[in-house]
Structures are given as C-alpha cells and as structure tokens.
Amino acid sequence: MVQYSSSQQQNNRIFYFIDDKSIQNQTIFMTFDTYILNEALEYFNNIGNNVFMIKEDRTIGENMLQEIRNYQYLISYNVITTSSESSN
C-alpha cells in the first residue's frame with residue numbers, strides 16, 4: 001500500500017497544461033485543481049506526471065480558450081510571449 005503525505009496528495013490533484021500552438025509566438029500555461037475541462041483533453045497528450053502538452057496537429061480556438069478561462073477549477077492561466085525569430 002502506498003501512502004502519500006498531505007503535500008503529495010495535494011500535488012496529485014494538480015494538472016499542468018502547456019499550449020505553444022494555439023496563439024502564434026505565445027505559450028499558454030494552465031493549471032487545474034482536481035478536475036479538468038473534459039472537452040479540453042482532446043487537444044492534449046499526457047507527457048508525464050499530471051503534465052499535458054498540446055498535440056502537434058491541434059490548436060485551441062478562442063471559444064474553447066474562453067471556456068477554459070472561465071472554468072471553476074482553473075487555478076492559473078498565464079500567457080508568455082516567445083521569440084518570433086527562428087534559429088537556423
């Protein structure tokens with residue numbers, strides 16, 4: 001039987017999503033507590049412990065992004081601007 005400390009149990013309920021495809025030159029970082037918007041899952045692959053990355057062939061439309069921003073279990077929604085220069 002595996003026992004978790006209270007901090008480990010809490011961390012197992014946190015889900016991290018990274019989207020670097022939907023908005024050009026920007027990356028969206030989203031954090032959810034306990035529950036994830038079910039419709040959003042089809043856009044992401046689980047790449048590790050509660051970490052999800054946008055699928056290569058997917059982008060999220062503005063309506064879905066708005067629904068995510070309004071979701072009651074969303075803890076944080078951050079957008080950072082990434083370099084528009086491509087490396088050769």
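Evaluating 6.51 cos²θ - 1.76 cosθ + 1.60 at θ = phi - 60° for every residue in region 12-20, the Karplus couplings come out as 5, 9, 9, 10, 10, 10, 10, 10, 10 Hz, glycine and proline recorded as x. Phi angles of region 71-80 translate, via the Karplus equation with coefficients 6.51, -1.76, 1.60 and θ = phi - 60°, into HN-Hα couplings of 5, 5, 9, 6, 8, 8, 9, 10, 10, 10 Hz per residue; Gly and Pro are given as x. The modelled label-to-label distance for the pair L41/T59, using points 7 Å beyond Cα in the direction of Cβ, is 2.6 nm. Working note: Karplus 6.51/-1.76/1.60 with θ = phi - 60° gives region 32-42 the couplings 10, 10, 6, 10, 10, 4, 4, 5, 6, 4, 5 Hz, where Gly and Pro are set to x.
Read the figures in this text as sums done on the coordinates, not as results from a lab. Because the structure is a prediction, the values reported are computed rather than measured. Every residue, glycine among them, receives a Cβ derived from its backbone with ideal geometry; neighbour counts consider all protein chains shown.
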